[in-house]
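In what follows, a single structure is set out as structure tokens and then discussed.
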Amino acid sequence: MGNNTKIDITSSLAAVVIGRNEGARLIAGLKRLGPLVDRIVYVDSGSSDGSVAAALDLGAEVVELDLDTPFTAARARNAGLRHLTDNPPEFVQFMDGDCLLDPDWLHHATLAMIENPNWGAVAGRRREIAPERTLYNRLCDAEWDTPVGPARAIGGDALLRHQALSGIGGYRDSLIAGEEPEMCVRLRAAGWEVHRLPYEMTLHDADMTRFGQWWNRTRRAGFAFAEGAALHGKPPERHWVAETRRALLWGAVLPVGAIVLAMAIHPVFLLLFMAYPAQILRLSRRMDPIRAAFTVLGKFPEALGALEFHIGKVLRRRTGLIEYK
């Protein structure tokens, strides 16, 4: 298959792209998608940069979310899915507005889904457009590099079978993060399989240049861990239970415990902080030392995010979006 050629199959194929103020990145992504799918639905979450007009000019069908309801990526994806119900396609490629689709991805992904009718979702390799630009972009690129084969979760970019996704009610609107893994829990419970394919899928532009961006993104992950565990933490799924426990142990229990014990009993308990460099050394055996250091450091914002979820749950207070750019 050559670049920028629509899949030569009988199955119908649509794309749902979500975004807010993505500017040139959105335009580039829509231009790449245009020749590859039958329909493009762009769901806008209150952009002020002309994204809606640009999407219309490029032939996309546009859905603008109601400004009176809090934005979430899950809500935006569901709005795109509902827009397709008038003439539902067999497959839907979901994509964030800051991504570029690999021209050959849909060929490989669609054929894999046709050959495996029990597969509900597939994803490929997502890469950062400019991992060399900043340390935080490199960390993000490494995060996307997940094993090929049966998967427990996918990210925001993925090809889904319309029947499978609509059959479980789509994404969970209320989640401010982690909506794709949570959706996959329900997808598998309904009997569908989720797979990661060995093909390039999208180029993503995290555009993280500051430590604060990385901190907020990691904090958001901790929030998602805790909420996911609260929803699906019981056996057999145990969804994100281990991730939540690790975040709270390393990011809250250990440091607070060390300080309290040092103040109440003896300063020798401050030696408990030596567990952090020891953990970095242990992780460095299987990953880059800098990535290992940030993995350990990341437990602090993760713990903060997890605590935010639990505090909000106790107070019955809804947490707003945790954005990093």
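Extension gain, ALA275 to LEU58: 0.36 nm times the residue separation minus the Cα-Cα distance gives 72.7 nm.
Going through (i) 51, 19, 17; (ii) 37, 20, 20; (iii) 34, 22, 18, the figure that equals semi-axes √(5λ) of the Cα gyration tensor in Å as computed for the structure here is (ii). May I ask what percent, to the nearest 5, of DSSP beta bridges between residues of the chain are antiparallel? Percent antiparallel among DSSP bridges in the chain is about 30. Where only DSSP H runs of four or more residues are counted, the chain gives -13000 deg cm²/dmol as its mean residue ellipticity at 222 nm, each run worth -39500 (n - 2.57). Of the residues VAL16, VAL37, LEU175, the one whose Cα sits farthest towards the positive end of the charge dipole of the chain is LEU175 (charges of +1 on Lys and Arg Cβ, -1 on Asp and Glu Cβ, taken about the Cα centre).
Computed from the Cβ-Cβ distance with R0 of 41 Å, the FRET efficiency linking LEU111 to VAL260 stands at 0.10. Which FRET efficiency value, to the nearest 0.05, do you get for ALA230 and ASP86 by plugging their Cβ-Cβ distance into 1/(1 + (r/R0)^6) with R0 = 41 Å? E between ALA230 and ASP86, to the nearest 0.05, is 0.70.
Springs between Cα atoms under 10 Å define the GNM used for the chain, and in it the highest mean-square fluctuation of GLY312, GLY228, GLY170 occurs at GLY312. Counting every C-alpha pair in segment 41-121, the share spaced more than 14 angstrom apart comes to 70%. Just to be sure I understand: with springs between alpha-carbon atoms less than 10 Å apart, which residue in LEU261, LEU175, LEU197 has the highest mean-square fluctuation in the Gaussian network model of the chain? Ranking LEU261, LEU175, LEU197 by mean-square fluctuation puts LEU261 first. For segment 13-209, the relative contact order comes to 26 percent (Cα pairs under 8 Å, sequence separation of at least 6). Extension gain for ARG238-ASN118 works out to 40.9 nm (0.36 nm per residue, less the C-alpha to C-alpha distance). Taken over the C-alpha atoms, segment 230-315 has Rg and Dmax values of 15.1, 42 angstrom. Dividing the convex hull volume of the alpha carbon atoms of segment 176-325 by its residue count gives 167 Å³ per residue. A Gaussian network model of the chain, with springs between Cα atoms under 10 Å, assigns the largest mean-square fluctuation among ILE265, ILE311, ILE40 to ILE265. In summary, the aspartates and glutamates within cross-link reach of LYS234, defined as a Cα separation below 15 angstrom excluding same-chain residues under 8 places away, comprise GLU182, GLU243. Of the residues PHE223, PHE300, the one with the fewest other Cβ atoms within 10 Å heads the list, and the complete ranking is PHE300, PHE223. Taking the Cα centre of the chain as reference, the dipole from Cβ charges on Lys and Arg (+1) and Asp and Glu (-1) amounts to some 1440 debye. For segment 133-241, the C-alpha radius of gyration sits at 1.14 times the compact-globule guess of 2.2 N^0.38 Å, with N the residue count.
Read-outs throughout are calculated quantities, based only on the coordinates presented, and are distinct from any laboratory measurement. If you're wondering where the values come from, they're calculated on a predicted model, not measured in any experiment. Virtual Cβ from ideal backbone geometry, glycine too; neighbours counted across all protein chains shown.
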